[in-house]
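Read through the structure below, which is laid out as structure tokens, and then see the notes.
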Amino acid sequence: MSMKIGQAPFTKRVSTSLQDSFMREAVSSAQGRLTGVREQIIDELGNWEEWRELSAAIRKHTIDHLDYYLYELSENVIKRGGNVYFAETPEEANQYISSIITKKNAKKVVKSKSMVTEEIGLNHALKASGCEVVETDLGEYIIQLAEDPPSHFLAPALHKNRDQIQEVFRTKRGYANSSNPEELTAFAREQLRNEFLSADIGITGCNFAIADSGTISLVTNEGNAEMVTTFPKTQISVMGMERIVPTWKEFDIVVSMLARSAVGQKLSTYVSTLTGPKAKDEMDGPEEFHLVILDNGRSKMIGSEFQSALHCIRCSACLNVCPVYRHIGGHAYGSIYSGPIGAVISPILGGYEEYKELPYASTLCSACTDACPVKIPLHELLLKHRQNIVEKEGGAPLPEKMVMRAFKLVTSSAKMYQFSVKSASFVSRSFLKGENMTSGPFSLKEWTRTRDFPAPSNDSFRDWFKNRSKGGSAF
Amino acid sequence: MKVSLFLTCLIDVFSSEIGKDTVELLEKLGCEVDFPEGQTCCGQPAYNSGYIKEAKETMKHMINTFRHADYVVSPSGSCMTMLKEYENLFMDEPEWANKAEELSNKSYELTQFIVEVLDIEDVGARYEGTATYHTSCHMSRLLGVDESPLTLLKHVKGLHVVPLPFKQDCCGFGGTFSVKMARISEQMVDEKVHHIKSTEANVLIGADCGCLMNIGGRINRLGNPIEVKHIAQILNHS
Ligand code: SF4
């Protein structure tokens, strides 16, 4: 699996998702829960707007000076005895990691949740080199067994309800108990414990790397990252090149914004940090540490109109408030990066050809922009994509271009406009059934499938206004 | 006070009643209403579809049309949000920057104008019924007007306003989204109608014609006995 998920075209993906009532129920109730707690914790903190400003400023500063901080980070990791590898493409990253697996003759890898390793299709590459991969985050474990792609950044199995999870455990792991969440979790724990002990290599993602100390941080609610980074002798962390903060001071702020926005907590249950391999005076930690820093199209965003998308801290608040995401779920986006931020970055990382529909899968209601803790103007970036598709990519359909050209002509001339208003009224009368249109022509057909369309007014406002200023009334 | 009305194209074509109520309401509140004949559309349909160049031609026409106005008032939150955006869009065009900024600065959504500029909270209206109010996204999130309509409705005699659950959720209109992504849009409006029904209100009030067309269209199709009204129609009722 890589960033792209599934082969079906967008419309097919959407209609499949819309028919999946289990998924829709699961996503909608998770959204309700998550946005509720998020609002509570924001109120409790107070001055939310100021916190957002500060966090946005931190992210902007960091990305504006990304080259500097990446250099500082890599120097510090090396100073602590770790290795750093800059990968331009997923293939380079996978090759590097596979070479370590081969060198160590590793048979089993345990992983903690990471979107970036999904992005590069790491599990697939590792399996191909004969190594067993075990996901240790509960959600990841579930979708790994179910052979599903993730549908949410933080809750990758969000699309599954507990009965479906019970079924996955039953068929794949011989689970015999109920669908009670505690029992399901206890079962997964039991299964995973042995995996930790027998793994040769631990692989993690990275929520934030702290440049001035060379530290990798991992935010989890299950503590599995702690195990992944302590038991195996070799440790590999993979990070997108933008996941960096200058110092612990900024880390403190963004990590708390992440937890608040993601799950409505002051801080996530576990924040694990790892600074290089085990030093002589340390009790635990890996003997060998590798940090893989991935570009995969991110550097294209620097200096572009989309640079602010690199400020993202993957908190998923924008997914959790998005009404489109609620109805179609993560998989319909066709990218592991779903929701509003997914609709912004997937076309950049994966190309317009593959993801040209995503920028249109939004009403531009801006609930996402409002929720984003680092103030990424998500709905404006979606609009920028639409503009690029029209102007640069030549991707807009011809009929739409004609309509827009006509729009310009009509609405930039008073006479043309007034004439059109009159003729619209005249033409649409032939489609009327009583007061409303129930079956419209052209693209209005899409509207009138489930909604009536209003009839144009019988009387013209303009005539009425003109008349009354002369002392009469047209109504 | 002289007020220039920006009717918006949707009202121009579909809802002359709303236009009429807006004029009468403003006059009742002591304004002299002017209607610049040359006005067309705020440019949003093209702008939101990515046709910025085309949209800007429309916007220039609008800037010229309202050049003489002291205040521009419109009974549509979404179109007003677009007008307010002009100043950012023309920032780098010296010939238009000042004029665009001027227009943005003197433009107000109807309820915002009544509460903030006229400083009136009770317009003296009466309307019998139980109503719920649809908060439109652009008006509340982007224009930042969410209190004014409720403040005005609170003072309408005979009207009982009940809160709409999940009021912050978009109704699924989104301009061309409603036809381009019709399958998703249908689900969104269905959910909205479901929430409206759950309030047991007999009137749905809104301040954005696009949303009202969308929600009203679904309500009609389902044959629900809920009246769909623009806020100007309520505030001008006695
Ligand atoms: S875009 Fe903003 S809200 Fe969405 S995941 Fe990123 S940081 Fe969170």
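The values are calculated or read from the model by the stated rules, or taken from the named source; none is laboratory data. Remember, it's a predicted structure, so these values are computed and weren't measured experimentally. Backbone-built Cβ (ideal geometry, glycine too); neighbour counts: all protein chains shown. Heads up: the accessible areas ignore ligands, DNA and RNA and are worked out on the full protein's heavy atoms, side chains in. Shrake-Rupley method; radii C 1.70, N 1.55, O 1.52, S 1.80 Å.
Just subtract the alpha-carbon distance of A:Glu50 and A:Asp463 from 0.36 nm times their residue separation and send over the number in nm, one decimal. Please list the in-between numbers first.
On the way: separation 413, 0.36 × 413 = 148.68 nm, distance 5.07 nm.
Roughly 143.6 nm would be gained on extension.
A simple spin-label model places pseudo-atoms 7 Å from Cα toward Cβ; at A:Leu409 and A:Lys127 they are separated by 5.6 nm. Would any residue of the range B:90-111 have its amide N under 12 Å from a label point 7 Å out along Cα→Cβ of B:Arg67? List them or say none. From the range B:90-111, the list is B:96, B:99-100. Only helices enter this figure: runs of n ≥ 4 DSSP H residues, each worth -39500 (n - 2.57), summed and divided by the residues of chain A, yield -15500 deg cm²/dmol at 222 nm to the nearest 500.
Relative to the longest principal axis of the Cα atoms of chain A, helix A:10-19 runs at roughly 80 degrees. Ranked by the mean number of other Cβ atoms within 10 Å of their residues, highest first, the peptides A:52-64, A:228-240 fall in the order A:228-240, A:52-64. Just so you know, the Rg over Rh for chain A is 1.06, from Cα atoms, with Rh as the Kirkwood radius.
Straight Cα distances below 17 angstrom link B:Lys99 to the aspartates and glutamates B:Glu57, B:Asp70, B:Glu85, B:Glu87, with same-chain residues fewer than 8 positions distant left out. Here the label points at A:Thr171 and B:Asn105, each 7 Å from Cα along the C-beta direction, are separated by 6.6 nm in the simple model.
To the nearest 0.05, how large is the calculated FRET efficiency for B:Asn88 and A:Lys60 if R₀ is 25 Å and r is the Cβ-Cβ distance?
Values: r = 19 Å, r/R0 = 0.74.
That pair, B:Asn88 with A:Lys60, gives E of 0.85.
FRET efficiency for the A:Lys233 to B:Asn202 pair, using the beta carbon distance and R₀ = 51 Å, is estimated at 0.10. For chain A, the longest principal axis of the alpha carbon atoms and the long axis of helix A:90-104 meet at an angle near 20°. The label-point distance for A:Ser15 and B:Ser238, in a model that sets each label 7 Å from Cα toward Cβ, rounds to 5.5 nm.
Within a straight-line Cα-Cα reach of under 29 Å, B:Lys157 can be paired with the following lysines, leaving aside sequence neighbours fewer than 8 residues apart in one chain: B:Lys2, B:Lys20, B:Lys28, B:Lys167, B:Lys192, B:Lys197, B:Lys229.
Angle check, please: helix A:378-391 long axis (alpha carbons) against the longest principal axis of chain A (alpha carbons), in degrees 0 to 90, nearest 10. Once rounded, the angle reads 70 degrees.
Quick check: with the 1.4 Å probe, what order do B:Val156, A:Val84 take by accessible area, largest first?
Working: B:Val156 5, A:Val84 35 Å².
These residues rank, largest area first, as A:Val84, B:Val156.
Ordered from largest to smallest accessible area (heavy atoms of protein chains, 1.4 Å probe), the residues A:Phe465, B:Phe90 come out as A:Phe465, B:Phe90.
Please work out the FRET efficiency for the pair A:Arg80 and A:Thr102, using the Cβ-Cβ distance as r and a Förster radius of 22 Å; give the result to the nearest 0.05.
Working: r = 25 Å, r/R0 = 1.13.
The pair A:Arg80/A:Thr102 has a calculated efficiency of 0.35.
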